[in-house]
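Colleague: One structure follows; several queries about it will come next.
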2 protein chains.
Amino acid sequence: MTKVRPGQSPAERPKAAVMEDVAELAGVSAMTVSRVLNAPEKVRPETRARVLAAVRELDYRPNSAARVLVTGRSGVLGVVCFDTTLYGPASTLFGIEQAARNSDYLISIASLPTLNRDWISRGIDRLRSQSVDGVIVVAPHESAAEGLRDLPAGLPVVAVGGGEDLAVPVAAVDQHAGAARATRHLLSLGHSTVWHVSGPPNWIDASGRVAGWRSALEAEGRQVPEPLVGDWTAHSGYEIGKRLARDPEVTAVFVANDHMAMGVLRALREAGRRVPEDVSVVGFDDVPEAAYFWPPLTTVRQNFGEVGRQAFRLLLDRMAGVEDEARRMVEPELVVRESTGVRP
Amino acid sequence: MTKVRPGQSPAERPKAAVMEDVAELAGVSAMTVSRVLNAPEKVRPETRARVLAAVRELDYRPNSAARVLVTGRSGVLGVVCFDTTLYGPASTLFGIEQAARNSDYLISIASLPTLNRDWISRGIDRLRSQSVDGVIVVAPHESAAEGLRDLPAGLPVVAVGGGEDLAVPVAAVDQHAGAARATRHLLSLGHSTVWHVSGPPNWIDASGRVAGWRSALEAEGRQVPEPLVGDWTAHSGYEIGKRLARDPEVTAVFVANDHMAMGVLRALREAGRRVPEDVSVVGFDDVPEAAYFWPPLTTVRQNFGEVGRQAFRLLLDRMAGVEDEARRMVEPELVVRESTGVRP
DNA sequence: CCACAAGATGGTATCGCTAACAGCTCACTC
DNA sequence: GAGTGAGCTGTTAGCGATACCATCTTGTGG
């Protein structure tokens, strides 16, 4: 490989080899080179070997722009996403990446500064202009529904973690089931009802968890307290936790994610309420460090890797022309640790 | 926008408009349309308006593959990265995304299953074949140095968080300074020396923190205990913490990241050693929830957003042909909370 | 009122690749 | 031994944009 140093004249810089160069060196036509790369079985083994030798010799890489121009397919998938520092989105993205890599797709990312209809459309447009073969929208927010209403024709799109009303296939963790499971776990420990610290309204996951919690309570005819609304941060959990700690009625809390749960735990402890002796707490996500919270957090594990894989699958189907209105739900799993105990 | 339904024949699907269509509708040549899009000031305002109207009418998007083919520039930057669920890499990626979006670049991601020389080269190759304009390698690992040794000529590459010996420009947080600061903070509280829980060997950040810690101790002539090696997880911090808790000599611990610090805190507490009364603990990263650890964690904040921005800048320079061997260091900041106190 | 420059627009070639078809070689059949 | 077809390779024609240069306006000074 040749390094270009500042002093070197442009003429000396070897221009990257193109297919024609390979063809010449191998003594064949460009078409044959193309075939060796795309349908090797159609070329006689000896010819193929000569071509491959030439490819290596010249360190040839096909120019994907040229290929895209003629085939219309790029081998790149677009992902539209919001804050990738949040645990959920980051993990989902990671799952998608892995699935894509295994199938030799590359991922292009359009990350949004704000989560709303307009930016989602814009993100999709930017990806589309890059000729991505398909788009996965990771936007677990109400606005996604609108942003996904008028899609460019012919562009396969799937969503991750979207609501029921999306016009596109969806892969998601079953938030309702997870929340219900967490709630039933607390009820089964003898608590008469369960308080809820929710995520921000308009987030699909947040409302799904509220719904699951509510229906589990209603199914057993329990009183349903007003949910307390946080913003996913430990800080908001802490502030809400302080309020909960003041109310002696509160013996069981289902918190919509682990980081807020961490804030709640801290507030309870500061108020002198012991967990789980006085109050039981369940989180959601199972972040890797949840087992090292104080006390170790009972929580609901989401398999983000699986969700990413399912989304990728769905997109592949769509790209292949399969038009099923699929909704792939991934089951979450309750992980019982030490932050939950029997009613005092 | 037209939706294509299953029943529709291919003939009915409107093919996306191309430049020629716009030209025709506006009554100009394709060349003029191209100019309106790329150098509007060279076109008379009335003509420009006509063209833009036609663009809107046909919902025209330039085909980037065609443009790349002729210009050689794609408006896409490649990012090679490893585990994007870790807080550091995820935040760096986020910083790069933001910087890129502000300058209308799109990001393509090649994530690696394993961090070694071979995969790094492969990642760069895959991106290169997509005609990215430049590559940012987020691979704070020794192997990056080798992977970045033989780069394809003419492809601008910069690294984030690399070691001193990289052949490319680097943007990074000054790990050495951060670790030294944390260590001096502990010494200033009267501790006779400071133990260290490090990250995995071969990680640049890990060795930088070890070096900073060691040099701060040596500068004051203190005894330098053998560092204890973790793997960034809370679990490893917990296991190491149990060992530290047994040694009554240990009164101050500098832990190489916040998640391991969380494990250490837990182990100390379980062993009956109070923080900060008996043992002081400092972390590294300042993850958003660090203020809600028990006790709130004193730690070293890394400004990942700034690192991403610097890396992007550096890459832009390289792409413009500026060949300075720059190393942009971002200063970390010590955030003192309640996990550190005077020597017992 | 003409020469001339500056500004606006158009024509043509080209980027690197592959689809579609054409042509050649050779083995095998009847 | 010519016909047949299978298997391999080559030729041609774009894909959709921009670079480069030519051409046609328009404005300006003498």
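Colleague: How well do other chains shield peptide A:250-263, expressed as the mean number of their Cβ atoms within 10 Å of each residue Cβ? All intermediate terms of the calculation are to be shown ahead of the outcome.
Modeller: Numbers: counts 0, 0, 0, 0, 0, 0, 0, 0, 1, 4, 2, 0, 5, 3.
The per-residue average across the peptide is 1.
Colleague: Say a label goes 7 Å from Cα toward Cβ at A:A39 in every copy; what distances in nm does this one have to the rest, shortest first?
Modeller: A:A39 label point versus its equivalents elsewhere: 4.2 nm.
Colleague: Quick check: net charge around B:V287, other residues with Cβ under 12 Å of its Cβ, Lys/Arg +1 and Asp/Glu -1?
Modeller: Taking every other residue near B:V287 into account, the sum is -4.
Colleague: Here is a further query. Under the rule of -39500 (n - 2.57) per DSSP H run of 4 or more residues, summed and divided by the residues of the protein assembly as shown, what mean residue ellipticity at 222 nm is obtained, to the nearest 500 deg cm²/dmol?
Modeller: -13000 deg cm²/dmol
Colleague: Which of rounded, prolate or oblate describes segment B:175-302 when judged by the alpha-carbon gyration tensor and an a/c cut-off of 1.5?
Modeller: Rounded, since a/c falls under 1.5.
Colleague: With every protein chain left in place, what is the accessible area of A:W213 in Å² (1.4 Å probe, nearest 10)?
Modeller: Counting only protein heavy atoms, the figure is 0 Å².
Colleague: Hey, can you grab everything whose amide H is under 5 Å from the amide H of A:V335? Only 5+ residues off in sequence or another chain; H modelled, so Pro and N-termini drop out.
Modeller: Residues meeting the criterion, in which the H sits 1.01 Å from N, are A:T299, A:V300, A:R301.
Colleague: Please state the shape class of the protein assembly as shown: rounded when a/c is under 1.5, otherwise prolate if a/b exceeds b/c and oblate if not, all from the C-alpha gyration tensor.
Modeller: Oblate is the answer for the protein assembly as shown, as a/c is 1.5 or above yet b/c matches or exceeds a/b.
Colleague: Could you give the length gained on full extension between A:V18 and A:D150, defined as 0.36 nm per residue of separation minus the Cα-Cα distance, in nm?
Modeller: 43.5 nm
Colleague: Continuing with this model, one more query. Give the angle, between 0 and 90 degrees and rounded to the nearest 10, that separates the Cα long axis of helix B:45-58 from the longest principal axis of the Cα atoms of chain B.
Modeller: Roughly 80 degrees, rounded to the nearest 10.
Colleague: If I model a spin label at A:E306 and A:A49 as a point 7 Å from the Cα along the Cα→Cβ vector, what separation in nanometres do I get?
Modeller: Going from the A:E306 label point to the A:A49 one covers 4.9 nm.
Colleague: Can you give the accessible area buried between chains A and B, summed over both chains, with a 1.4 Å probe, in Å² to the nearest 100?
Modeller: Buried: approximately 5600 Å² between B and A.
Colleague: Report for chain B the percent antiparallel among DSSP-assigned beta bridges with both residues inside it, nearest 5.
Modeller: 10 percent
Colleague: For a quick protection proxy, order the peptides B:332-338, A:110-116, A:310-316, B:143-149 by their average other-Cβ count within 10 Å, most packed first.
Modeller: Ranked from most to least packed, the peptides come out as A:310-316, B:143-149, A:110-116, B:332-338.
Colleague: Given a Förster distance of 30 angstrom, what is the FRET efficiency for B:E218 paired with B:E277, based on the Cβ-Cβ distance and rounded to 0.05?
Modeller: Once the sixth-power term is evaluated, E becomes 0.60.
Colleague: Is the shape of segment A:187-254 best called rounded, prolate or oblate, per the rule: a/c under 1.5 gives rounded, else a/b larger than b/c gives prolate, else oblate, with a ≥ b ≥ c the square roots of the Cα gyration tensor eigenvalues?
Modeller: Working: a/c = 2.47, a/b = 1.17, b/c = 2.11.
In terms of gyration-tensor shape, oblate.
Colleague: Given R₀ = 45 Å, what would the calculated FRET efficiency be for A:R56 paired with A:R122, taking r from the Cβ atoms and rounding to 0.05?
Modeller: 0.60
Colleague: In segment B:65-91, which residues become less accessible by 50 Å² or more once every protein chain is in place, relative to the chain on its own, using a 1.4 Å probe?
Modeller: With the partner chains in place, segment B:65-91 has these residues losing at least 50 Å²: B:A65, B:L69, B:T84, B:T85.
Colleague: Any residues in segment B:266-290 that have 20 Å² or more less accessible area with all protein chains than in their chain alone, probe 1.4 Å, and which are they?
Modeller: For segment B:266-290, once contacts with the other chains are taken into account, B:R266, B:R269, B:E289 lose 20 Å² or more.
Colleague: How charged is the neighbourhood of A:V300? Take every other residue with its Cβ under 13 Å from the Cβ of A:V300, and add Lys/Arg as +1 and Asp/Glu as -1.
Modeller: After counting each charged neighbour, the total is -2.
Colleague: Which ³J(HN,Hα) values in Hz, rounded to whole numbers, follow from the phi angles of segment B:227-243 under the Karplus curve 6.51 cos²θ - 1.76 cosθ + 1.60, where θ = phi - 60° and Gly and Pro get x?
Modeller: For segment B:227-243, the Karplus curve yields x, 9, 9, x, 10, 6, 8, 4, 4, 5, x, 5, 4, 5, x, 4, 5 Hz.
Colleague: Please list A:K15, B:K242 from largest to smallest accessible area, probe radius 1.4 Å, with all protein chains kept in place.
Modeller: Working: A:K15 180, B:K242 75 Å².
Sorted by accessible area, descending: A:K15, B:K242.
Colleague: Could I ask something else about it? With r defined as the distance between the Cβ atoms of A:L334 and A:A211 and R0 fixed at 22 Å, what FRET efficiency is calculated, to the nearest 0.05?
Modeller: E(calc), rounded to 0.05, equals 0.80.
Colleague: Compute the distance in nm between two label points, each set 7 Å from the Cα along the Cα-to-Cβ direction, one at A:T114 and one at B:E164.
Modeller: Taking the simple label geometry, A:T114 and B:E164 are separated by 4.7 nm.
Colleague: Helix A:175-188 sits at what angle to the longest principal axis of chain A, using alpha carbons and giving 0 to 90 degrees rounded to 10?
Modeller: 30 degrees
Colleague: List the relative contact order of chain A as a percent without decimals, with contacts defined as Cα pairs under 8 Å and 6+ residues apart. The partial results should precede the final answer.
Modeller: Numbers: 673 pairs, mean separation 52.8, N = 344.
Once divided by the residue count of chain A, the mean separation gives 15 percent.
Colleague: How many nm separate the modelled label positions at B:S192 and A:T71, each set 7 Å beyond the Cα in the direction of the Cβ?
Modeller: Taking the two extended label points, one gets 6.9 nm.
Colleague: If you roll a 1.4 Å probe over the heavy atoms of the protein chains, what accessible area per residue do you get for the protein assembly as shown, in Å²?
Modeller: I get 43 Å² per residue for this part.
Colleague: By how many nm would the segment from A:V342 to A:E325 grow when fully extended, if each residue of separation counts as 0.36 nm and the alpha-carbon distance is taken off?
Modeller: 1.8 nm
Colleague: Which percentage, to the nearest 5, of the DSSP beta bridges contained in the protein assembly as shown is antiparallel?
Modeller: Counting DSSP beta bridges with both partners in the protein assembly as shown, the antiparallel share is about 15 percent.
Colleague: Work through the residues other than A:V194 whose Cβ is under 14 Å from its Cβ and net out their charges, Lys, Arg +1 and Asp, Glu -1.
Modeller: With Lys, Arg at +1 and Asp, Glu at -1, the net is +1.
The values are calculated or read from the model by the stated rules, or taken from the named source; none is laboratory data. These numbers were taken from a predicted model, which means no experiment stands behind them. For neighbour counting, all protein chains shown are included, and Cβ atoms are generated from backbone atoms with ideal geometry for every residue, glycine included. Areas reflect the complete protein model, heavy atoms only, side chains present, ligands, DNA and RNA absent. Shrake-Rupley method; radii C 1.70, N 1.55, O 1.52, S 1.80 Å.
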